[in-house]
Amino acid sequence: MVEFGRLLVVDLSKQEHEVLQVGENVVRAFIGGKGLGAYLLYKLLKPGADPLSPENLLMFLTGPLTGTGYPTSGRMVVVTKSPLTNLFLDSHAGGWFGPELRRAGFDGLVIKGSSDGPVYLWLSEDGLEFRDASHIWGQPAGRAVELVRAETDPGAHVAVIGPAGENLVRFAAIIFDRDEDPWRSGVAGRGGAGAVMGSKRLKAVAVRARKGRVSIHDGKAFRKLVKHLYEKMKASPIYHIRRAVGTSYWVEPMNRLGFLPTRNFTSGFIEGHYGLTGSYLRAHVARDVGCAYCPMKCGKVVRLPEGAVKVEYEILAMMGANNGLTDALEVAKSVKLATELGLDGISTGVVIGFAMEAGRRGLLKDVPDFGDAEGQRELVKKIAYREGIGDLLAEGVKRAAEKLGPEAVRIAVHVKGLELPGYDPRASWGMALAYATADRGGCHQRAWTVRAEIDGRLKRFSTEGLAEFVKYVQDERAAAFSLIVCDFAPLGVEDFISGLRAAAGLEYDVGEYLTVGERIWNLVRLFNMREAGVSRADDTLPPRMFEEPLPMPDGREASIGRATLERLLDEYYALRGWDERGRPRPEKLRELGLDKLV
């Protein structure tokens with residue numbers, strides 16, 4: 001078995017560091033990535049700690065497949081307590097930072113404390129250095145990467161925050177490398193990890209391992225497996241769609257079928273959507289880029305006068321249709337600005353859509369109207385620098401709405417404080433349950449039911465089989481996000497188990513592997529109960545989803561009632577072994593071994 005779980009623990013307050021080796025039993029129970037992060041955060045974080053205090057932990061974690069050459073294993077995860085939701089946060093990013101970290105000899109960084117002044121970390125074969133970042137503080141993300149590389153290594157992979165993180169915007173992101181680089185950049189966007197990094201006065205982390213390699217348990221078996229999996233991926237139609245147009249493929253079907261959030265979730269489609277589609281975007285793509293060890297190259301980089309920027313479906317939905325824009329190039333300009341300033345594009349889009357509607361209702365002044373691309377960009381700047389109305393909006397849609405009053409609360413679209421992504425839950429009852437129960441708030445990556453509903457595996461606008469499907473996918477994804485592999489990989493559980501066996505010497509059967517995911521899901525629920533008092537009352541949807549029918553392209557309206565969601569929750573809790581309030585029962589914790597592990 002290849003040893004995994006070697007962590008570099010960095011204390012910014014004392015400017016000290018030490019190595020921590022996680023026990024083999026912990027690796028067996030949680031694998032790595034998300035699972036290991038959940039275990040460490042539950043065990044090491046002081047209960048009730050303020051997410052923006054020195055007590056919070058900021059972890060950059062990999063999995064046993066990271067850096068091995070396994071298809072789509074170029075990803076890594078940032079784990080912390082979210083300043084946006086007060087919940088557990090695992091924010092995943094593609095690119096090349098994770099493999100470089102493993103080649104440098106560590107499976108993760110655990111950062112605690114807070115520096116007196118701006119610093120960045122430089123990790124190389126010579127060890128870890130704390131370096132002054134006073135001259136870099138205030139710089140946008142791309143320029144910060146350039147400055148750090150100039151002082152360290154031109155080939156360094158760099159995680160940075162922009163002004164939004166420095167100004168503690170609660171949905172600030174961490175940016176990995178630049179879209180101008182020849183390799184794919186990454187963004188740990190959701191939940192405000194960039195604000196946690198800013199609160200620690202940590203501007204950047206740079207890693208370079210010129211000679212390092214990741215050990216493989218059984219090289220011959222691993223090479224044979226990788227060859228087979230690459231062939232399997234290339235035989236999938238989804239693989240070729242991703243290569244051609246990336247995630248922007250989904251704009252057309254989402255608009256045609258009424259899933260696409262439009263004008264702050266007041267409609268499921270937008271007229272004249274053609275300028276947002278993948279085929280239109282393809283005409284403006286300058287480069288296709290991919291993460292480490294992935295042949296799909298699904299990243300579509302558009303070159304603008306403002307610089308290069310990668311454009312994805314969620315951005316086209318949330319900073320495009322949701323805000324009344326139908327030109328992908330105008331959306332790309334907003335995305336470029338948000339990335340440079342260090343903002344999560346999904347939350348930024350929802351917050352601005354909320355502000356646009358609030359302006360129409362007379363609840364806010366000095367905000368743009370739907371369809372105002374330049375006005376959107378001006379508001380992006382105000383949010384990042386907390387200027388004027390941007391200071392209120394920088395708190396996220398939940399806090400902003402609560403300050404504005406009951407009418408604003410009714411139009412604020414979030415679950416547990418995390419703004420919803422690009423699939424309206426009235427159009428997808430599977431996503432309604434997935435959003436309501438997602439462990440980090442309103443997130444589509446915990447269980448994406450949309451394709452199953454489109455393909456007919458799940459009956460649309462029906463509760464039949466939904467709870468079982470959502471529960472299974474949540475467990476399966478929790479395990480996959482601990483390996484860590486990509487959501488887009490057309491691979492399955494048996495492929496992942498084979499990868500763990502050959503690469504790391506970790507043996508699981510299908511049941512054991514899925515139990516790891518279920519264990520992680522339940523541990524995160526315990527964390528969220530402890531830190532935010534999460535219960536059944538929080539497993540719900542925004543008022544708009546229950547109170548307003550959704551206009552669909554065919555002239556009909558879609559809706560989901562509170563009673564429908566309540567029935568789904570009853571079934572879901574029963575499948576999970578939770579009580580009627582959404583708490584894991586003692587016998588479930590014993591079954592998963594969590595009574596002993598935590």
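The values are calculated or read from the model by the stated rules, or taken from the named source; none is laboratory data. As the structure is a prediction and not an experimental result, all values here were calculated from the model. FYI the Cβ positions are ideal-geometry reconstructions off the backbone, even for glycines, and counts take in every protein chain you see. Heavy atoms of the whole protein, side chains included, go into the accessibility calculation; ligands, DNA and RNA do not. Shrake-Rupley method; radii C 1.70, N 1.55, O 1.52, S 1.80 Å.
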* How large, in percent, is the carbon and sulfur part of the accessible surface of the stretch 486-526 at a probe radius of 1.4 Å? -> 51 percent
* **Paramagnetic reach from residue 132 (point 7 Å along Cα→Cβ, amide N under 18 Å) across the stretch 147-182** => 147-152
* Asked: Put a dot 7 Å past each Cα toward the Cβ at residue 220 and residue 20; how far apart are the dots in nm?
  -> 3.9 nm
* Asked: So what is the relative contact order of the chain, in percent, for Cα pairs below 8 Å that sit 6 or more residues apart?
  -> 16 percent
* How much FRET efficiency would the formula 1/(1 + (r/R0)^6) give for residue 211 and residue 146, where r is the Cβ-Cβ distance and R0 is 30 Å, rounded to 0.05? -> 0.75
* Structure fact -> Binned at 10 Å starting from 0, the alpha-carbon pair-distance distribution of the stretch 535-589 in whole percents comes out as 22, 39, 24, 13, 3
* Asked: Got the relative contact order for the stretch 344-427 handy, in percent, Cα pairs under 8 Å and 6 or more residues apart?
  -> 29 percent
* Asked: Leaving out ligands, DNA and RNA, what percent of the accessible area of the stretch 341-462 is carbon and sulfur, probe 1.4 Å?
  -> 46 percent
* To do: Report P(r) for the stretch 229-360: all Cα-Cα distances, bin width 10 Å, range 0 to the bin holding the largest distance, values in whole percent.
  => 13, 42, 33, 11, 1, 0
* Extension gain, residue 464 back to residue 587 (0.36 nm per residue minus Cα-Cα distance, nm) -> 41.6 nm
* Asked: In whole angstrom, how far apart do the alpha carbon centroids of the stretch 410-475 and the stretch 310-383 sit?
  -> 24 Å
* To do: Answer rounded, prolate or oblate for the stretch 131-230, using the Cα gyration tensor with square roots of eigenvalues a ≥ b ≥ c: rounded when a/c is under 1.5, else prolate when a/b is larger than b/c, else oblate.
  => prolate
* Cβ crowding within 10 Å averaged over residues, with 434-444, 218-228 ranked highest first -> 434-444, 218-228
* To do: Calculate I(q)/I(0) for the stretch 221-302 by the Debye formula, one identical point scatterer on each C-alpha and no solvent, and give its log10 at q = 0.11, 0.13, 0.14, 0.25 Å⁻¹ to two decimals.
  => -0.40, -0.53, -0.59, -1.12
* By the scheme Lys and Arg +1, Asp and Glu -1, what is the net charge of all other residues having a beta-carbon under 14 Å from that of residue 19? -> -4
* Asked: Over the Cα atoms of the stretch 415-551, Rg to Rh with Kirkwood Rh, two decimal places?
  -> 1.00
* Structure fact -> Here the Kirkwood hydrodynamic radius of the stretch 147-289, Cα-based and in Å, equals 19.1 Å
* Structure fact -> Sorted on mean Cβ neighbours within 10 Å (highest first), peptides 470-476, 19-25 come out as 470-476, 19-25
* Asked: Taking residue 365 as the anchor, which aspartates and glutamates have their alpha carbon closer than 18 Å to its alpha carbon, excluding any fewer than eight residues away along the same chain?
  -> 357, 374, 378, 387, 391, 395, 402, 407
* Structure fact -> Expected sort for 80-93, 233-246 on mean C-beta neighbours within 10 Å, highest first, is 80-93, 233-246
* Asked: On average, how much accessible surface per residue is there in the chain, in Å², for a 1.4 Å probe, leaving out ligands, DNA and RNA?
  -> 34 Å²
* Asked: What is the sum of charges around residue 388, taking Lys and Arg as +1, Asp and Glu as -1, for the other residues whose C-beta is under 12 Å from the C-beta of residue 388?
  -> 0
* Structure fact -> Largest first and rounded to whole Å, the semi-axes √(5λ) derived from the alpha carbon gyration tensor of the stretch 307-407 read 21, 14, 11
* **MRE, 222 nm, helices only [DSSP H, n ≥ 4, -39500 (n - 2.57), over the chain, to nearest 500]** => -12000 deg cm²/dmol
* Would you please classify the overall shape of the chain from the alpha carbon gyration tensor, given that a ≥ b ≥ c denote the square roots of the eigenvalues, rounded means a/c under 1.5, and beyond that prolate means a/b larger than b/c while oblate covers the rest? => rounded
* **Net charge of Cβ neighbours under 14 Å - reference residue 220; Lys, Arg +1; Asp, Glu -1** => +3
